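Worksheet: one structure, shown below.
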Amino acid sequence: MEDKDENIKQETSSTHELEVAAENVEIEDSAIAETGLALPNKRRIPWIWLGVLFLILMLALGVFLGYRQGIARRLARSETTVVELAAEQYQLAFQDMAAGNYQNAKSRIEYVIRIYPQFPGAPDLLRDILLDLLEQLRPSLLTAQACDALEFLLVAGLGLLEFTRRKFALRWNRVQEEIQELIERREAEAA
């Protein structure tokens with residue numbers, strides 16, 4: 001009988017504990033409603049992770065686009081530097097020609113053609129410089145017939161130089177296009 005009394009007391013005490021817990025929950029809910037504060041909801045946790053994932057993706061996208069823009073700027077800057085250097089050497093070649101230093105002007109124009117084959121007027125200026133050099137040599141070293149033969153060889157050589165320069169420029173453009181295609185293909189594969 002004592003066991004039954006103890007069981008009844010335990011049931012009564014556990015029922016009483018449940019009632020007290022329910023009252024505490026009601027008090028907490030009413031306190032939350034009055035203050036406007038809410039307890040963290042377990043449903044909000046996935047949204048927080050989605051927000052963090054979104055921020056990480058946006059950061060990665062920003063880094064990728066910034067990297068590509070930096071590469072494009074660097075390539076444009078290097079091309080601009082080459083053009084400026086070629087223009088400066090081209091102008092210095094004119095100054096050398098005015099001073100009568102045709103050998104130095106020739107080396108400057110050859111440098112311009114080497115670094116920027118499409119530079120306008122460089123092959124023509126090289127031809128003029130070589131003809132002026134030939135005119136300087138003509139009276140002192142060569143006979144008229146030898147000078148004519150040399151002039152013919154010089155003009156033929158300049159024609160060959162121009163042909164080779166244009167062929168190189170075409171091949172260089174194709175190589176640049178192929179490199180650009182490879183870069184785009186690798187970027188597409190990486191994405």
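Listed values, structure above:
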| read-out | value |
| --- | --- |
| Qualifying residue in the range 62-70 (condition: in a helix (DSSP H, G or I) and at pLDDT below 90) | no |
| Candidates Leu170, Leu137, Leu158 - the one that is buried (at least 16 other Cβ atoms within 10 Å of the Cβ), modelled with pLDDT under 85 and assigned to a helix (DSSP H, G or I) | Leu158 |
| When residues of the range 81-127 are limited to those that are outside any helix (DSSP H, G or I) and surrounded by 12 or more Cβ atoms within 10 Å (Cβ to Cβ), the one nearest to the chain's Cα centre (by Cα) | Tyr116 |
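The values are calculated or read from the model by the stated rules, or taken from the named source; none is laboratory data. Remember, predicted model here, so these are calculated numbers, not experimental data. Cβ coordinates were reconstructed from backbone atoms using ideal geometry, including for glycine residues, and neighbour counts include every protein chain displayed.
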